[in-house]
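In what follows, a structure is listed as structure tokens, so that the remarks can point back to it.
The values are calculated or read from the model by the stated rules, or taken from the named source; none is laboratory data. None of the values given here were measured: they were computed from a predicted structure. When we count neighbours, we look across all protein chains shown, and the Cβ atoms used for this are built from the backbone with ideal geometry, even at glycine. Areas reflect the complete protein model, heavy atoms only, side chains present, ligands, DNA and RNA absent. Shrake-Rupley method; radii C 1.70, N 1.55, O 1.52, S 1.80 Å.
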Amino acid sequence: MNAEIISVGTEILLGDILNSNAQFLAQQFAELGIPHYFQTVVGDNPERLKQAIAIASDRANLIVFTGGLGPTPDDLTTETIADFFQTPLVEKPEIIEDIQQKFAQRGRMMTDNNRKQALIPEGADILYNAIGSAPGMIWQPRANLTILTFPGVPTEMKYMWREVAVPYLKSQGWGKDIIVSRMLRFWGISESALAEKVAPFFDLQNPTVAPYANYGEVKLRISAKAASAEAAQALITPIEQQLSEIAGIDQYGADQDTLASVVGDLLKSRHETLSVAESCTGGGLGQMLTRVSGSSAYFWGGIISYDNSVKEKMLGVDPSAIAEQGAVSAIVAEQMAMGVRTQLNTTWGVSITGVAGPEGGTDAKPVGLVYIGLANAEGATSQPYQFGDRGREWVRQVSACSALDQLRRRLLNKS
């Protein structure tokens, strides 16, 4: 028994909108323990939609459609499904009445094209839409195949899924088991290096362990299937403990943790404060820190010292250091960190200076070279990084995260 998602809409294919409906449904399948192996996006074209239905109906027992249920000519989902299964459409008076009432509540009259939304295949049940005009349907066109259709509007789809579809699926025997996942988060280790360390865990069947990497961060997702969340968590916990022991300090958190939130918790626990001096990240580090609710308890502020004159006048960087070593150098990073710490009177000062690109690189200092400085009452240190020419935003984001990770490791070593 497995499910498949078919998202209908040319606007999705063109990239005009993000397919958040498929993401939501995939997460819901996991929560219900419904296996889900394929997703398809198809434009507003009946022949191509039929091709997608033919493939999905041969390999899935539950097909969930989103989109194409509106009143306009390009809304073809319902009639195409009916045509594929050679079933006539029938008009449902109760749908027309519901649409008329909703229009009346808004002081409007239902137009003739809305009658199209009252047509569903003969034998199908209505999947009611309490907050919009487009209903869906629940239909079993043949044995071992269930079809659910939803409008493309995310708020309507999510409401209908939770209030109507989930109770129906559970009544039909779907969702007896659930899938629980735990995402472990790592920084400062490559995906290949971590994978080599934990390779035997990738052979597990329940729970399963899978690696992911994005923007410098590496993740390990542990997923377990069981009859209850508690039973699934019991399967996950010992595996998580083993993985955490293997990874050591390279693991910074799990699930919704961020480097900024973890650093914030460490600073709060030590009653310490932080300020930042940024050059190539242009305020990105400060933004990460202030995204965390309550960060004002430990984050005092920052100075964006994009021009060298700001480094010199506001952070006290020695002009001769810039002249001799360049703005992207260890000594400048250290002086920036110490300068912002002094100016804002904080326990810690963190600095970032580098070549984000795409211009400005040289043979000696190529694009992607970044120095991160760290200062406290004991003095200042710095560390060079080479993030490569992978795009300006990549360098900026990974630089800010690496600065937080450098501070995290220092705080943990001092705990």
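What the phi angles of the stretch 62-79 give under the Karplus curve with 6.51, -1.76 and 1.60, with θ = phi - 60°, is a coupling list of 9, 10, 10, 9, 10, x, x, 10, x, x, 8, x, 7, 8, 10, 4, 4, 5 Hz, glycine and proline written as x. Past 30 Å, Cα to Cα: identify those pairs from Lys197/Lys225; Lys102/Lys158; Lys365/Lys414; Lys50/Lys92; Lys102/Lys176; Lys197/Lys268, in the order given. Flagged as over cut-off: Lys365/Lys414; Lys102/Lys176; Lys197/Lys268. Distant-in-sequence amide contacts of Tyr252, defined by a placed amide H-H separation under 5 Å and a gap of 5 or more residues or a different chain, comprise Arg185, Phe186, Trp187. Average accessible surface for the chain: 47 Å² per residue, computed with a 1.4 Å probe over protein heavy atoms with every protein chain in place. Among the trypsin sites (Lys or Arg not before Pro) found in the stretch 132-213, those both in a DSSP coil and sparsely packed, with 12 or fewer other Cβ atoms within 10 Å of their Cβ, are Lys176. Taking all Cα-Cα distances within the stretch 341-396, those exceeding 17 Å account for 44%.
Segment Gln172..Gln256, full-extension length gain: 26.9 nm, with 0.36 nm per residue of separation and the alpha-carbon distance subtracted.
Applying a DSSP loop filter and a limit of 12 other Cβ atoms within 10 Å to the GluC sites (Glu not before Pro) in the stretch 359-415 leaves Glu359, Glu378.
Here the dipole of the stretch 236-335 is about 340 debye; that uses its Cα centre as origin and unit charges on the Cβ of Lys and Arg (positive) and Asp and Glu (negative).
Between Ile304 and Glu278, the built amide H atoms are under 5 Å apart, and every one of these is 5 or more places off in sequence or on another chain. With a simple spin-label model that places each label point 7 Å from the Cα along the Cα-to-Cβ direction, the separation between Glu122 and Phe103 comes to 2.8 nm.
Only aspartates and glutamates eight or more places from Lys116 in sequence, or on another chain, were considered; those with a Cα closer than 19 Å are Asp44, Asp74, Asp75, Glu79, Asp83, Glu91, Glu94, Glu97, Asp98, Asp125, Glu156. Here, the chain is characterised by an Rg to Rh ratio of 1.10, where Rg is the alpha-carbon radius of gyration and Rh the Kirkwood radius. Computed from Cα positions, the angle between helix 330-344 and the longest principal axis of the chain comes to roughly 80 degrees.
Only helical DSSP H runs with n ≥ 4 go in: add -39500 (n - 2.57) per run for the chain, normalise by residue count and round the 222 nm mean residue ellipticity to 500 deg cm²/dmol.
Using -39500 (n - 2.57) per qualifying helix, the result is -12000 deg cm²/dmol.
Only the Cβ atoms of Lys and Arg (+1) and of Asp and Glu (-1) were treated as charged; on that basis the dipole of the stretch 1-88 about its Cα centre amounts to roughly 280 debye.
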